[in-house]
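Coordinate-derived values only; no laboratory data. Just so it is clear, the structure is predicted and the values come from calculations on it, not from any experiment. Here the Cβ positions follow ideal geometry from the backbone for every residue, glycine too, while neighbour counts run over all protein chains shown.
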Amino acid sequence: MHSLADQEALVPRPRGNLPKVCASLLAAIATSSFVLLSPERLCGVVAMVILVLTLGPLLHGLCLLAEEMFNHASTRHQGRGLQMLPACGFGGRTLLAAGMAGLLLYLTEGPLPEKSHCWRLLMLASALYPLFKTLGVLGPSEVEVSDICEGRKMNVAHGLAWSFYLGYLRLVLPRLENSIVAFRASHQAGCFQGRSSRKLLILIPLNANIAHKLEDEDDNIRFYDNLPNSEIDRAGVRGRVYKHSVYNIFDENGKGHQCVAEYATPLLTLYNMSQESSAGFGEPERRQQVLLFYRTLRDILEQSLECRNRYRLILLNDDHEEDPHFLSKAILRHLQQQEKEEFCLTAHPQQEMECTFARPLSTIPRREYWQHTEPMSREPTLMMSLEPPQPLREAVEITDHYQATA
């Protein structure tokens, strides 16, 4: 059985700055080695190398700019030419680096070895860069593309997570507590015992292959009833109905635990996309998107005040084919974990105080009166004064008493 820590370990973390640190270290080592070999030519050679590395992308940007200007100026850029320049790679940092390198090469006093040969090498390298870039030889790696998509929130999982939150969870979770209260009023008194079962359990399987009925996945799960419907005016639909289902989850002792559980419906979209060849969405990409969906939805809900303490995300590993009761065990494990994490602070009993104040004050012993008239508060309070601060009083010696006694 997989623990909660093992399930959290499956979720990929955001990429860090380790590539930048390694690149900076390599550049420092290479520059230090060149300084030791020929320090007098350092500035000129560094300027030439920076020009090679920046002129190539700028020439490739000219090729991209020609495509955008002749074929996509009105459809993609609404005829705004200034927007095409940064989109084609003419960013401020690239232009600044090329300009500074050219200025440094012009002002450097150290002569370059075979200066005419260096200039020919510069022009040839800059001209070949767009060719290799266009052919995909110098294209970004899968890691770079993934990093860009995650950093700019461009993945399919990001859109699905935000749609699931804004279009569903943010609407229904604030009403969940009232629905459960109304449900308990119309059903037996033993329903929804414990705070952990009063949250919406959102099931997220890694394989995205979800069943429409939980009891089809596990015999220890049985449908109990539906919560009262929530009707919300939405997108021109008057009284659009939102509902949740209550399930009985039976443990190994046959005891039932009621909870509101459902699969994350956007996973159906991911699964259906992986079944369509035109979507170009295979099983490895689907698994990665499910993990990103879980991480994105978790981050969104943790920042949401409307949904706080009203949900619980359950990530289900797909390596459980040998266990027919994996789903019920996973739900029960999360319910038990929730009970361990949360606890209730019950109110201080007032019966003893009521009995004390019912007696006359003269008959109450001083010690008992001191103990019961001002009970200590369970929660600390912050007392603030609106009066401006007053200066400290100076110590004043009073001698009249001593003179009188003398």
Given 0.36 nm per residue, what is the gain on full extension from Glu67 to Glu252 after removing their alpha carbon distance, in nm?
-> 60.0 nm
Could you tally the net charge around Glu67, taking each other residue with its Cβ under 15 Å from the Cβ of Glu67, Lys/Arg +1 and Asp/Glu -1?
-> +1
Would you calculate the separation in nanometres between label points at His212 and Trp162, each defined as 7 Å from the Cα along the Cα-to-beta-carbon direction?
-> 3.1 nm
Cβ-derived FRET efficiency at R0 25 Å, Leu124 paired with Leu26, nearest 0.05 | 0.50
With each label point set 7 Å from Cα along the Cα-Cβ vector, what nm distance links Val11 and Leu103?
-> 4.7 nm
Net lengthening on full extension, Glu322/Val35 (0.36 nm per residue, minus Cα-Cα) = 97.0 nm
Find how much the distance from Leu85 to Asn309 grows on full extension, using 0.36 nm per residue of separation minus their present alpha carbon separation; answer in nm with one decimal.
-> 75.9 nm
Kindly rank 77-90, 158-171 from highest to lowest mean number of other beta carbons found within 10 Å of each residue.
-> 158-171, 77-90
